[in-house]
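Structure first, then comments.
Computed from the coordinates by the stated procedures, all read-outs in this text should not be read as laboratory data. Computed from a predicted model, the values in this text were never measured in an experiment. Here the Cβ positions follow ideal geometry from the backbone for every residue, glycine too, while neighbour counts run over all protein chains shown.
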Amino acid sequence: MNNPGTYTRIQDQITIGFEQLYARLRQKEGRLYEDDDVSRLPFINVTHPHYKEWVIRKHSCKALLSYIKQKDNILNILEVGCGNGWLCAQLAKAVDAQVTGLDINSKELEQARRVFFKIAGLDFIPGSLESDLLKDKKFDMIIFAASLQYFPSLKHIIGLAIEHLTLLGEIHIIDSPFYQHQEIEAARQRTRKYYNSMGFEDMADHYYHHTINGLETFQYKILHHPFSWKNKLSIKKNPFYWISIKNRYR
């Protein structure tokens, strides 16, 4: 039988390796922003190479804020994979809740703390959902925004998140791609081709292509369907699913 301590050390080494690789990729992609730019996100200059991406994120953020404001029981929010903290900051400024950002990327987490330190009710902590810093903490809402594709198992990561939900808590997944089974192999090839072109071949081993069926063991609901007629006819098209998952004990 393997030693649990050995397994933990191996997982820590994988995490550290991914953090370093991901940070270097983000730099090359132009996704590491100056502090002033981060403070204004999701609003960004129309000439910026990632402008269209931020238009989508802006609308996702607006929809999420509208949803939260209609609830009176969301007082404690966690974002998993918060990056530079822009979404956490938007939430903390707009709703009466304690907001926590969680990420393994130390460089962007430091920037989040530096840029948004004046916002009340906002905190950033390093690590993962398995971190001792979250050991006994419960949240009314846990958000995965453009981060779920970096977790190999939906069942595992969503199961972990549910353990940190309050009784009436919810998980929300936004701005992450989901695929049909028949699309996955072609999507994997596109991903590998992209990372090869960027000079980050190993990054393809850290990007995962999930299907909606991977959530079938959970109580999930699709709040936005990218292939619905409503979205197809909308001027502000969003290509990503918005999915909510209720605590299994509800």
Amide H contacts of residue 76 (H built 1.01 Å from N, under 5 Å, at least 5 apart or other chain): 98, 140, 141
Zone residues, the range 97-140, relative to residue 20, backbone N less than 16 Å from point 7 Å out along Cα-to-Cβ: 105-107
Return the distance in nm (one decimal) between the two label points of a simple spin-label model at residue 70 and residue 184, each offset 7 Å from Cα along Cα→Cβ. 3.3
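When DSSP assigns beta bridges and you keep just the ones with both residues in the range 122-250, what percent turn out antiparallel, to the nearest 5? Mind showing how you got there, number by number?
Numbers: 8 of 14 bridges.
Bridges in the range 122-250 that DSSP calls antiparallel: roughly 55 percent.
Could you give the dipole magnitude of the range 28-130 about its Cα centre, charging the beta-carbon of Lys and Arg +1 and that of Asp and Glu -1, in debye to the nearest 20? Could the numbers behind the result be given before it?
Details: 14 positive and 14 negative charges, 75 e Å.
Taking the Cα centre of the range 28-130 as origin, the dipole is about 360 debye.
Helix-derived [θ] at 222 nm for the chain: sum -39500 (n - 2.57) over DSSP H runs of at least 4, divide by residue count, nearest 500? Walk me through the intermediate numbers first.
Values: 8 runs with 101 residues, N = 250.
Rounded to the nearest 500, it is -12500 deg cm²/dmol.
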May I ask for the net charge around residue 111, where only other residues with Cβ less than 13 Å from the Cβ of residue 111 are counted and Lys, Arg are +1 while Asp, Glu are -1? -2
Distance between the C-alpha centers of the range 228-250 and the range 96-141? Whole Å please. 26
On a straight-distance basis, which aspartates and glutamates could pair with residue 137 in a cross-link, Cα separation under 18 angstrom, same-chain partners fewer than 8 positions away excluded? 79, 103, 123, 163, 170
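In which sequence would 129, 154 go, from the one with the fewest C-beta neighbours within 10 Å to the one with the most?
On the way: 129 17, 154 21.
Ordered from fewest to most neighbouring Cβ atoms within 10 Å, 129, 154 come out as 129, 154.
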Label zone at residue 196 (point 7 Å along Cα-to-Cβ), backbone N below 12 Å, the range 173-190: 189-190
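Just rank 153, 39, fewest to most, by other beta-carbon atoms within 10 angstrom. Don't skip to the answer; put the middle values down first.
Details: 153 12, 39 16.
Fewest-to-most ranking of 153, 39: 153, 39.
Quote the charge dipole size of the range 115-250 about the Cα centre in Debye, to the nearest 20; the model charges only the Cβ of Lys and Arg (+1) and of Asp and Glu (-1).
On the way: 17 positive and 14 negative charges, 132 e Å.
Here the range 115-250 has a charge dipole of around 640 debye.
Ranking request for peptides 210-221, 77-88, 163-174: highest mean number of other beta-carbon atoms within 10 Å first, then the rest in descending order.
Details: 210-221: 14.8, 77-88: 25.6, 163-174: 19.8.
Order by mean packing, descending: 77-88, 163-174, 210-221.
Test of understanding: ordering 141, 203 by Cβ neighbours within 10 Å, fewest first, what list do you get? It would help to have the intermediate numbers written out before the result.
Numbers: 141 27, 203 20.
The most exposed by this proxy come first: 203, 141.
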Using a 7 Å offset from Cα along Cα-Cβ at residue 244, what residues in the range 49-73 end up with backbone N under 13 Å from the label point? 63-73
For a 24 Å ceiling on Cα separation, which of these pairs sit above it: 58/93; 155/193; 69/138? 155/193
Quick check: pseudo-label points 7 Å beyond the Cα along Cα→Cβ at residue 227 and residue 58, how many nm apart are they? 2.9
Given backbone amide H placed at 1.01 Å from N, residues whose amide H is under 5 Å from that of residue 165, ignoring those fewer than 5 places away on the same chain, are 139
